[in-house]
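Chemist: Got a structure for you, written out below as structure tokens; questions coming shortly.
The values are calculated or read from the model by the stated rules, or taken from the named source; none is laboratory data. As the structure is a computational prediction, the values presented were derived from the model and not from experiment. No Cβ is skipped: glycine too gets one built from the backbone with ideal geometry, and neighbour counts run over all protein chains shown. Just the protein is used for accessible areas: all its heavy atoms, side chains included, with ligands, DNA and RNA removed. Shrake-Rupley method; radii C 1.70, N 1.55, O 1.52, S 1.80 Å.
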Amino acid sequence: MRILVTGGAGYIGSHVVKQLLRAGHQPVVFDNLSVGTLDNVITGAEFIEGDILSPTQVLAALEGIEVVIHLAGLKAVGESMTHPAKYAWNNLVGSITLLNAMIEAGVKKIIFSSSAAVYGEPIELPMKEDHPTKPLSFYGHTKLEVEKLLAWYDQLSGIKFVVFRYFNAVGYDPDGDIKGLERAPQNLLPIIFEAVMGWRDKVTIFGDNYPTADGTGVRDYIHVSDLASGHLKALEYLDKNNNSLTVNLATGQGTSVAEIIKAVKQESGVDFKVEIGPPRPGDPAQIFASADKAGAVLGWQPVFSDMATIVKTTFRAYEQNKKN
Ligand SMILES: NC(=O)c1ccc[n+]([C@@H]2O[C@H](COP(=O)([O-])OP(=O)(O)OC[C@H]3O[C@@H](n4cnc5c(N)ncnc54)[C@H](O)[C@@H]3O)[C@@H](O)[C@H]2O)c1
């Protein structure tokens, strides 16, 4: 299948493209390289440098496409609160531009990268797909609005979708083929590994007095290759069913910040400095999600998401990028 992958030069997109190629599909990466890099465009994939905000560029890229995998967007929660207009443009207007071009081009299937951020403060754990959605950030709001738009585009224009609510994406390609690191990372694992490499002097734990087993925050970490395999399952689903679907991609397990730091110190042998800072406003103590629906409906199971594999694959990617 010829598949347009918006944001395919980014962290998750490059892992998705690798698996598409391996499954015999023809991925076309569409990325403005604002964050993604050419190094991340996997050999064998076509590449179009373009912006989802440009109707003409998107329409041209949709030529001969059967399915769109839409990962392009901005994802820094903090920045979305200080620069909401940037997020409104990229994540909302960009997605609308893409959907309108899909109607014009007659492309009727899309897989969309949504986020755990649509849920907000957990009321019940593990979070299921019918958990109330009350985003705590403008980023989460943009993802939820696109989910709602997709439901309307389905009803009014027959565009079928699979929405994936990813939890915390971590790890690197187990074969070591993808090694483009995240620039100016905002997430825990890359920040920890920058400390391992000596590129930053310490790691700050934001809050150690939460009502969790060790007092540090608990999140659901899912290996990026497991996220990628979900997209193959979604393609099969859209091929066989004339239905849309919204599912979590998660592990059902929570891991604490302190547990991750311990695992990384053990694997790397580097005793980097850790300091305790105040909890960040709006940061829930624990978030983890049920992946039962993805298992039952798509037949998807995570296989790389144990902490040992996550830490090993990430360490190797950082080692491959060692500055001399
Ligand atoms: N990383 C996570 O933990 C996580 C969790 C939940 C959801 N998501 C979502 O998954 C998607 C991919 O995330 P990622 O971690 O790979 O991020 P990323 O920043 O590595 O990738 C996003 C890609 O989109 C491209 N892009 C941004 N704006 C664009 C535009 N206007 N036109 C064309 N390309 C554009 C960037 O250059 C980049 O290559 C994002 O939509 C993100 O919100 C990520």
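Chemist: May I ask you to list the residues in region 110-163 that are in contact (Cβ under 8 Å) with a residue 12 or more places away in the chain and of a type in the set (Phe, Trp, Tyr)?
Modeler: The answer is 112, 119, 138, 139, 153, 161.
Chemist: Examine region 87-105 for a residue that is out of contact with any helix residue (DSSP H, G or I) (no Cβ under 9 Å at 6 or more places or on another chain), away from the ligand (no atom under 12 Å from the Cβ) and open to solvent by 50 Å² or more (accessible area, probe 1.4 Å), and state whether such a residue exists.
Modeler: No - not one qualifying residue is present in region 87-105.
Chemist: Identify, from the list 72, 60, 45, the residue that is out of contact with any Lys or Arg (no Cβ under 9 Å at 6 or more places or on another chain) and within 24 Å of residue 232 (Cβ to Cβ).
Modeler: On the way: 60 fails: within 24 Å of residue 232 (Cβ to Cβ); 45 fails: out of contact with any Lys or Arg (no Cβ under 9 Å at 6 or more places or on another chain).
Checking each option against the conditions leaves just 72.
Chemist: Across region 77-86, what is the total count of residues that are touching a helix residue (DSSP H, G or I) at 6+ places or on another chain (Cβ under 7 Å) and either more than 12 Å from the ligand (Cβ to nearest atom) or among the small types (Gly, Ala, Ser) (or both)?
Modeler: Step one: of region 77-86, the residues touching a helix residue (DSSP H, G or I) at 6+ places or on another chain (Cβ under 7 Å) are 77, 80-81, 84.
Those still in the list that are either more than 12 Å from the ligand (Cβ to nearest atom) or among the small types (Gly, Ala, Ser) (or both) too: 80-81, 84.
Matching residues across region 77-86 total 3.
Chemist: Condition test on residue 64, is it away from the ligand (no atom under 14 Å from the Cβ), in contact (Cβ under 8 Å) with a residue 40 or more places away in the chain, at positive phi and open to solvent by 20 Å² or more (accessible area, probe 1.4 Å)? Break it down into steps so the answer makes sense when it comes.
Modeler: Details: away from the ligand (no atom under 14 Å from the Cβ): yes; in contact (Cβ under 8 Å) with a residue 40 or more places away in the chain: yes; at positive phi: yes; open to solvent by 20 Å² or more (accessible area, probe 1.4 Å): yes.
So residue 64 fits the description; yes.
Chemist: Something else now. May I ask you to list the residues in region 230-246 that are more than 28 Å from residue 121 (Cα to Cα) and either surrounded by fewer than 19 Cβ atoms within 10 Å (Cβ to Cβ) or not aromatic (Phe, Trp, Tyr) (or both)? Working first, answer last.
Modeler: Keep residues of region 230-246 that are more than 28 Å from residue 121 (Cα to Cα), which gives 232-233, 235-243.
Matches in region 230-246: 232, 233, 235, 236, 238, 239, 240, 241, 242, 243.
Chemist: Next question. May I ask you to list the residues in region 247-273 that are of a type in the set (A, V, I, L, M, F, W, C), surrounded by fewer than 23 Cβ atoms within 10 Å (Cβ to Cβ) and part of a helix (DSSP H, G or I)? Full working, then the answer.
Modeler: Let us first name the residues in region 247-273 that are of a type in the set (A, V, I, L, M, F, W, C), namely 247, 249-250, 257-258, 260-261, 263-264, 270, 272.
Those left that are additionally surrounded by fewer than 23 Cβ atoms within 10 Å (Cβ to Cβ): 258, 260-261, 263, 270, 272.
Within region 247-273, 258, 260, 261, 263 meet the criteria.
Chemist: Here's another thing I want to ask about it. Of the residues in region 4-19, how many are hydroxyl-bearing (Ser, Thr, Tyr) and within 7 Å of the ligand (Cβ to nearest atom)?
Modeler: Just the residues of region 4-19 that are hydroxyl-bearing (Ser, Thr, Tyr), to begin with: 6, 11, 14.
When the remaining residues are screened for being within 7 Å of the ligand (Cβ to nearest atom), the result is 6, 11.
Of the residues in that region, 2 qualify.
Chemist: Which residue is farthest from the ligand (Cβ to nearest atom), if the candidates are limited to region 107-133 and must be open to solvent by 50 Å² or more (accessible area, probe 1.4 Å) and within 16 Å of residue 238 (Cβ to Cβ)?
Modeler: 108
Chemist: Being within 13 Å of the ligand (Cβ to nearest atom) and among the polar types (S, T, N, Q) is the filter; apply it to region 157-190 and report the residue that is farthest from residue 36 (Cα to Cα).
Modeler: Across region 157-190, the extreme among qualifying residues is 168.
Chemist: Take region 20-35 and flag every residue that is within 9 Å of the ligand (Cβ to nearest atom) and either open to solvent by 40 Å² or more (accessible area, probe 1.4 Å) or within 22 Å of residue 249 (Cα to Cα) (or both).
Modeler: 32, 33, 34, 35, listed by residue number.
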